[in-house]
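What follows draws every value from the coordinates through simple rules; no lab data is involved. These figures come from a predicted structure and were not determined experimentally. Cβ sites come from the backbone with ideal geometry, for glycine too, and all protein chains shown count toward neighbours.
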Amino acid sequence: MTEFVDGWIFGHVLGEGAYGEVKLLLNRSTGEAVAMKMIDLEKHPDARQTVRKETAIHRMLSNPNIIQYFGKRSEPTMEYIFLEYASGGELFDRIEPDVGMSLWEAQKYFKQLISAVEYLHSKGVAHRDLKPENLLLDEHDNLKVSDFGLATIYRMQGKERCLERRCGTLPYVAPEVLLHPYHAEPADVWSCGIILVALLAGELPWDQSLAECPEYMAWREGKYMSFTPWKKLDNSSLSLIKNILTHSPSSRCTIQDIKRHRWFIKKFQKFGGTEGYIRPDETDSRQVLQDENSTRFCLSQPELPGVEINAVQINLEERPGFSFSQPAHIEDLLLCTQAQTKQFTQPSQNTFQRLVRRMTRFFVKTELETTVKRLVNCLTNENYTCRINECGTITISSMDRRKMPLVFKANIIDMDGKMLVDFRLSKGCGLEFKRRFVKIKSLLEDIILKGPVTWPITVATERMS
């Protein structure tokens, strides 16, 4: 384990961005965790000004649905931004590809998103890159808006300016952003509407909101009802979305209009089995299932030079050991390296005794080398480009249907003789990543371990002592 500053050590990679990685940073004595965004100025010399702008905006903000900013540190070749650690992971991980999620769950996250965006606009800040990949969840399953790299101030001292920079992620970008100077608020509201479609239908409605996109033109011309995703939506949801995804920004509904809409006001109910119905607005941290309060201590080895796929040689001696608690479900697992557990004192144990729930991993029946070969053969047959390092991290590259890069990584982890295959997105669309994962999992169905995985529950406490 590498020490960053006195008392703080590097954890695992939480994600990757345009300018570098986001790593977990852990306090050696208390177990406190923060997310550290690392910007490599040697690779990206133009990034320093972006960091100044991003941190200046972050300092202005304090809201329960926005990632908290703690500070930054500047070095000649690196910039470090310290942020709240959202232990629940990314919102896109909760969206089932081509399905979405339940109405009550979508409403809960959408309400929190609208609350955050309303706060940003009250401060004169436009986010300009709202999408599920930039929406994180805390340990109580509350949404947190993150990544202010493209954010800007559009109103100061009561004076508002039009924006000119074309930026964002194409499927979420409002049409006016792609065509001419635009007003900030309607553009952010549009992105919220696309996110709502993704939550409810598990897919995006179009690649871009331009005349050359047939799906978008069908929407504009009212010839969409026989197409997906629209036929998946109920009338109330569709009514709200139609008011948001209006081509003309001057006719588009405002945040106040959204908050008055019947879909937004209605209290959708969650069926709670024998306990009856639970209203989403009455669900607090005590009512959220333990396996949904996810903390992501996931293995991510540093990239090493790739080796030939046909000559896979994984050095088991160099792979870190793991301690783990008894999972309630096959997908649930606490991942914490033995090296970490030795660094922390007794009071911090609870920090590492939470279950993780992720949809993008599975256990297999096969041994390590066989698992790697099966996975690599599967990926090769599906026309992915694969690169593997000696610690077993497989980097998988492809292009999505929009011809944009899609990169994700798979770690093969030996958990006391049981193999865990753990995937995480590195670059590209979260929904497309989930869709590809589901296909890969189906192709490996014959080696996937079904049912509960059990270990002696004493293992965790012995290793933590």
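Applying 0.36 nm per residue to the separation of Asn377 and Met217 and subtracting their alpha-carbon distance, the gain on full extension is 53.5 nm. Applying the criteria of a DSSP loop state and at most 15 other Cβ atoms within 10 Å to the chymotrypsin sites (Phe, Trp or Tyr not before Pro) of the stretch 43-112 yields no site.
Among the GluC sites (Glu not before Pro) found in the stretch 119-215, those both in a DSSP coil and sparsely packed, with 16 or fewer other Cβ atoms within 10 Å of their Cβ, are Glu139, Glu164, Glu212. For the stretch 1-91, applying the loop criterion from DSSP together with a ceiling of 11 other beta carbons within 10 Å to the GluC sites (Glu not before Pro) yields Glu42. Find the lysine pairs in the stretch 126-273 meeting two conditions, Cα atoms under 15 Å apart and a separation of 8 or more places or different chains, and report how many there are. Lysine pair count for the stretch 126-273: 7.
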